[in-house]
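To start, the structure under review is shown below, and the notes come after it.
Read-outs: derived from the displayed coordinates by stated rules, not from any lab. From a predicted model like this one, the values you see are computed outputs, not experimental measurements. Methodologically, a virtual Cβ is constructed for each residue, glycine included, from the backbone with ideal geometry; neighbour enumeration extends over all protein chains shown.
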Amino acid sequence: MDYNDCLKFANDNPVSFIATVEGNSPKVRAFLMWFADKSGFYYHTSAAKNVSKQLKNNPNTEVCFYHAGGDIMAKNMMRVTGKVEFVEDLSLKARLLEERPFLKAIVKGPNDPMLEIFRIYEGEAHFWCMADNLREADIPRIKFG
């Protein structure tokens, strides 16, 4: 498996769970990834949300993508551990608003300071399934960024 397999798995299974830290307290929530490509795994949020503040305070994160269908012994989970950066690109924000039109009811446009895009731009990923149980340290990591 290589990084292209990671991108395909993430794009095919965009519902993910993202972990942050606030003080000494871990926080996790479901997040709908926007897209993944060679430059990273892209998400969007609001500057008013705690997740934004947490990632700005500590850009280290872990995301878990899960494919619920199929054989539980097959590769049905991918974990991505890495660093987040916020992306200030008006053309990318405009694209986001076109691809996710429901956001237009929430923000005033690509210039709205509440609209934020972030990406996991470097780190490592690995696939996991029940067949790998108790062998996590032996699973190959796929570095990116």
>> Tell me the angle of helix 90-99 to the major Cα principal axis of the chain, expressed in degrees between 0 and 90 and rounded to the nearest ten.
In response: 70
> Roughly how big is segment 80-124's charge dipole about its Cα centre, with Cβ charges of +1 (Lys, Arg) and -1 (Asp, Glu), in debye to the nearest 20?
Replying inline: 240
>> To the nearest 20 Debye, how big is the dipole of the chain about its Cα centre, given +1 on the beta carbon of each Lys and Arg and -1 on that of each Asp and Glu?
In response: 420
> What is the ratio of the Cα radius of gyration of segment 19-90 to 2.2 N^0.38 Å, where N is its residue count, to two decimals?
Replying inline: 1.23
> What angle, in degrees between 0 and 90 and rounded to the nearest 10, separates the Cα long axis of helix 3-12 from the longest principal axis of the Cα atoms of the chain?
Replying inline: 60
> If Lys and Arg each add +1 and Asp and Glu each add -1, what is the summed charge of the other residues whose beta carbon sits under 10 Å from the beta carbon of residue 83?
Replying inline: -1
> What ratio of Cα Rg to 2.2 N^0.38 Å holds for the chain?
Replying inline: 1.08
